[in-house]
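Here's the structure we're looking at; comments come further down.
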Amino acid sequence: FTASQSSKERHHRMTKQETCTYLRNHGIAFEVTEHSAVYNMAECAALALLYPEDDAKNLFARDDKKRQYFLIPVRGDRRVDLKQFRCAHGTSPGLRLRRRAASVCLTPGSVTPLGLLQEPAHQVQSFLDADFLTPLGRIGIHSNDNTAAWLQAEALLGLLRDFGTPVVVANFSAPAAE
């Protein structure tokens, strides 16, 4: 989507097929794992995924005044300390995790880094877990419909930045305690 498109076009929710076409048109290699829709990491863990160790948990946060929005993709076994995150990144003290992101054009299934391609106002800043950029650099994310797409994290980072989405590579805590 581009700045010259109408408001209606810019707020169109890309389907999985449109997302895959967009990735191909931008030279991004990816794999898709078809599975039933999942809505949390427990449901995801029950699936037989290609690369479960590279699966991302996408946390969406905003401040109480709805001025700052963040998408924080981290490895599925990671925890994010929001107090530490606020201190490290200078965000509002009212930062909370949110279940719904529809106010910024992200809907269930599109609360994923690829969903940010539907958010032309760039209201959402993304903080990508630096751990995705090491050894194989693969990240498993939704392809805008709750099925898994696997692509290189560097390619995703470049794609989002080229689109104009602010992305910060950040180090998050060690895996969550069992």
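The values are calculated or read from the model by the stated rules, or taken from the named source; none is laboratory data. Note that the coordinates shown come from a computational prediction; the quantities given were computed from them, not determined experimentally. Every residue, glycine among them, receives a Cβ derived from its backbone with ideal geometry; neighbour counts consider all protein chains shown. Just the protein is used for accessible areas: all its heavy atoms, side chains included, with ligands, DNA and RNA removed. Shrake-Rupley method; radii C 1.70, N 1.55, O 1.52, S 1.80 Å.
Considering segment 82-94 alone, what residues qualify as being open to solvent by 80 Å² or more (accessible area, probe 1.4 Å) and either at pLDDT 80 or above or among the basic types (Lys, Arg) (or both)? Correct list: LYS83, GLN84, CYS87. Taken over segment 116-134, the criterion of being among the small types (Gly, Ala, Ser) and modelled with pLDDT under 85 is satisfied by ALA121 alone. Is at least one residue of segment 63-80 at pLDDT 80 or above and in a helix (DSSP H, G or I)? No - not one qualifying residue is present in segment 63-80. Of the residues in segment 144-153, at least one is at pLDDT below 80, open to solvent by 10 Å² or more (accessible area, probe 1.4 Å), among the charged types (D, E, K, R) and within 23 Å of CYS44 (Cβ to Cβ). The C-beta contact set for segment 161-178 (first residue within 13 Å of VAL74 (Cα to Cα), second residue modelled with pLDDT of 80 or more and surrounded by fewer than 12 Cβ atoms within 10 Å (Cβ to Cβ), distance under 7 angstrom, 6+ apart or interchain) comprises SER173/ASP81.
Checking each residue in segment 122-138 for being hydrophobic (A, V, I, L, M, F, W, C) and free of Cβ contacts under 8 Å to residues at least 40 places away in the same chain picks out only LEU133.
Check segment 96-110 and report whether any residue there is at pLDDT 80 or above, polar (S, T, N, Q), farther than 18 Å from ASN171 by Cα and buried (at least 17 other Cβ atoms within 10 Å of the Cβ). Within segment 96-110 (the criterion being at pLDDT 80 or above, polar (S, T, N, Q), farther than 18 Å from ASN171 by Cα and buried (at least 17 other Cβ atoms within 10 Å of the Cβ)), the answer is no, since none of the residues qualifies.
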